[in-house]
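The values are calculated or read from the model by the stated rules, or taken from the named source; none is laboratory data. Predicted model only: the values in this text are computed from it and were never measured. Reconstructed Cβ throughout: ideal geometry from the backbone, glycine too, with neighbour counts over all protein chains shown. For the accessible areas, the whole protein counts, side chains as well, though only heavy atoms, and no ligand, DNA or RNA atoms are used. Shrake-Rupley method; radii C 1.70, N 1.55, O 1.52, S 1.80 Å.
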Protein chains: 2
Amino acid sequence: MALPFLPGSVSLPDFENLAYQQGKVLRVAIMGLGSYGTRVADAMQACKRAKLVGAISGTPAKLKDWQSKYNIPAKNCYNYENFDQIKNNRDIDAVYVITPNALHRDQVIRVAKAGKHAICEKPMAINAKEGQEMVDACRQANVKLLVGYRLHFEPNTLEIIRMRKAGELGKVMFFQGLSGFKIGDPKQWRLNKELAGGGAMMDIGIYSINGARYMVGEEPVWVTAQETKTDPVKFKEGVDETIQFQLGFPGGAVASCLSTYTMNNLDRFFLNGEKGFAELFPATGYGPIKGRTHKGELTGPHTTHQTVQMDEMAAIIFDNKQPVVPVDGAEGLKDLKIIDAIFQAVKTGRKVELKG
Amino acid sequence: MALPFLPGSVSLPDFENLAYQQGKVLRVAIMGLGSYGTRVADAMQACKRAKLVGAISGTPAKLKDWQSKYNIPAKNCYNYENFDQIKNNRDIDAVYVITPNALHRDQVIRVAKAGKHAICEKPMAINAKEGQEMVDACRQANVKLLVGYRLHFEPNTLEIIRMRKAGELGKVMFFQGLSGFKIGDPKQWRLNKELAGGGAMMDIGIYSINGARYMVGEEPVWVTAQETKTDPVKFKEGVDETIQFQLGFPGGAVASCLSTYTMNNLDRFFLNGEKGFAELFPATGYGPIKGRTHKGELTGPHTTHQTVQMDEMAAIIFDNKQPVVPVDGAEGLKDLKIIDAIFQAVKTGRKVELKG
């Protein structure tokens, strides 16, 4: 039964949900058809507001494969030489850059110059200077720059952030983030300084950096860090194997974090406040994020992170929706500034002050 | 039915257990009748091989109270002026020193000079120099020096150590220790540098130091540390509120630890190996120690730590029993050397190398 519209009535239609369902669909091309690119492509099949419509790769066979697998028209496929031509393609709104870290800067800037919105996998770049150039280029081109922070949309993560904001944890004093796995094939690009820009920190340690920020809800003001290398053959100069790092926050909270390529399944967040605690274990994996607080188990639904991320990014791009935790270039840049400081702290053995 | 003794027979009597049951009883005087002293006294009522027979206090009313409460003869009561006379008391074997940290050195040396075995609460002293003097004095006096490391006898803790030694965790790469509570009354001796020798690190941080050593099973070779102080009125110069510290071990394992007087119920250990993990939460409290490993929940029985500790110490003193994890002066000294290094690392902001 439809109720008549009355001022002050609570029976208004759910405008937000309608907008979400009926809003413009974000038509995306994926650049870099590796394993994570494929994961995103698969996840996007369930999207309501985002659609995979294009692909960019240096390998013709992969493009062919994706054309049939994901029903992508040949005219929406590009390689690394010609993808600037995407500017003339009115069927593509955004490009999701999922390539080795060191390539992000140039590729995102080219995407921006082609007038397309850029979504970039984390780390956004290999240092803050490059990240800033990307932010500037996208602003200049009047396109959005978003970073693939899929956990910013994860229900149990968001529940902890809600609890912290509501004061249910009391004053937050400590965050602990453990991020690591045992990396395999020593020949992969992630262990190549030129392509990865570092080692574990760029790839997995960034989860603890980003997590520290969204769990504590403040920006750190100092960082200290210590590197340990047990295998200098596998982890060459400039490719970090294990780094412990600590962050200090303006309110007096501190964080203890670990980034490693040499320990199995290390994926744990712990947040301690004066009134309670929250923990996630696993905290950042693709599978269900599980955890508990002083009030009991977290029971948020498991979502396919990349599906939700892409739907939400459509709303961010087209409806200017503001997510609980930002996923824009400024957010990516904050993590990069901390990574720069961690590497500096490792090099100098000293505390590094961070400026806003 | 008694079986005849046959060489090679497996039906031997349980000599160890018999010795334990029938062994000489350790007759103990407690020095310092505060809240922890009372806890030990209560726990000792259930001991099989240790017996509370004496008390040392500066407060006559407390001595009187203990005489009736624990059935202690007046002749076994002393004060801080006359307790050297304990050397003439043949009814006391050992003195358990449970006084403010800064007093331990002189008191333990006086106990040793009186020819009695010394049991000392942790921290054994306020720095390694004093600890060494205590070890030397006890050796010279030919008495044992033991430190109140009650967790070295705790079943779930020992199960993790067993698993690690048996290789069930694989190569151990990481330990995390979080030790803290929110300290109350600002006038207590624990917040007085002269009596405590420091702040949270001496009192609660030492659990993470000691835990790192027995969980990893190695001695650290370096330490880094960072101090944070949010309340300089409550935590005066030389009284640490919050210190994060990191340890590096010869095998490449690292530890991230937190010591704090400003966070509630922070009592967690986590050990990560190549094949599995172990965690304790709570890890060091008086109540049941709980935890899990990659194989499931730990199900060791809850014991009253101080009861078991005192029975085991009787066996260590009289039968030269070797505990799985030592509780002697050398063990206490190892923790003090690390505490010294942590304070040095905080002061200098640099990594401090540790020597054996």
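Structure values in brief
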| quantity | calculated |
| --- | --- |
| In Hz, Karplus ³J(HN,Hα) per residue of the stretch A:232-243 (6.51, -1.76, 1.60; θ = phi - 60°; x = Gly, Pro) | x, 7, 6, 10, 6, 3, x, 10, 6, 8, 9, 10 |
| Distance between the stretch B:232-255 and the stretch A:184-234 - C-alpha centres, whole angstrom | 23 |
| Heavy-atom accessible surface of the protein assembly as shown: percent carbon and sulfur, 1.4 Å | 52 |
| Selected from B:Asp185, B:Asp335, B:Asp203 as most flexible by GNM, with chain B as the system and alpha-carbon contacts under 10 Å | B:Asp185 |
| Under the Debye formula (equal points on every Cα, no solvent term), log10 I(q)/I(0) of the stretch A:258-299 at q = 0.17, 0.21, 0.26 Å⁻¹ | -0.51, -0.70, -0.90 |
| The stretch A:164-270: proportion of alpha-carbon pairs further apart than 20 angstrom, % | 40 |
| Kirkwood-based Rg to Rh ratio, chain A, C-alpha trace | 0.98 |
| Local net charge near A:Ile289, Cβ-Cβ under 14 Å (Lys/Arg +1, Asp/Glu -1) | -1 |
| Shielded residues, the stretch A:150-196 - accessible-area loss of 10 Å² or more between chain alone and all protein chains, probe 1.4 Å | A:Met173, A:Phe174, A:Gln176, A:Leu178, A:Lys182 |
| Relative contact order of chain A, pairs being alpha-carbon contacts under 8 Å that are 6 or more residues apart, as % | 19 |
| Derived scalar couplings ³J(HN,Hα) [the stretch A:214-223; Karplus, 6.51 cos²θ - 1.76 cosθ + 1.60; whole Hz; x for Gly, Pro] | 7, 7, 6, x, 9, 9, x, 10, 8, 9 |
| Accessible area of B:Val324 in the full protein assembly, 1.4 Å probe (Å², nearest 10) | 90 |
| Heavy atoms of A:Lys75: accessible area, 1.4 Å probe, square angstrom to 10 | 110 |
| Total accessible area lost when A and B pair, probe 1.4 Å, Å² to nearest 100 | 2900 |
| Projected-area average for the protein assembly as shown over all orientations - Cα convex hull basis, square nanometres | 42.6 |
| Under 5 Å, built H, 5+ apart or other chain: amide partners of B:Ala283 | B:Arg268, B:Phe269 |
| Long-range amide H partners of A:Gly170 with built H, under 5 Å | A:Lys275 |
| Calculated from backbone phi, Karplus (6.51, -1.76, 1.60) coupling profile of the stretch B:203-211 in Hz, x at Gly/Pro | 8, 10, x, 4, 5, 6, 5, 5, x |
| Listed residues A:Tyr80, A:Tyr207, A:Tyr149, most fluctuating in chain A (Gaussian network, C-alpha, under 10 Å) | A:Tyr80 |
| For A:Leu354, residues with placed amide H under 5 Å, excluding near neighbours | A:Trp222, A:Val223 |
| Rounded if a/c under 1.5, otherwise prolate or oblate - the stretch B:147-225, Cα gyration tensor axes | prolate |
| Ratio of Rg to Rh over the stretch A:16-90 (Cα coordinates, Kirkwood Rh, two decimals) | 1.01 |
| Debye intensity ratio in log₁₀ form over the Cα atoms of the stretch A:23-149, taken at each q of 0.09, 0.16 Å⁻¹ | -0.21, -0.71 |
| Taking the stretch B:23-150 and dividing mean pair separation by its residue count, relative contact order in percent (alpha carbons under 8 Å, at least six apart) | 22 |
| Inter-copy separations for A:Pro73, label at 7 Å along Cα-Cβ, nm, ascending | 10.4 |
| GNM flexibility winner over chain A from A:Asp106, A:Asp240, A:Asp267 (Cα, springs under 10 Å) | A:Asp106 |
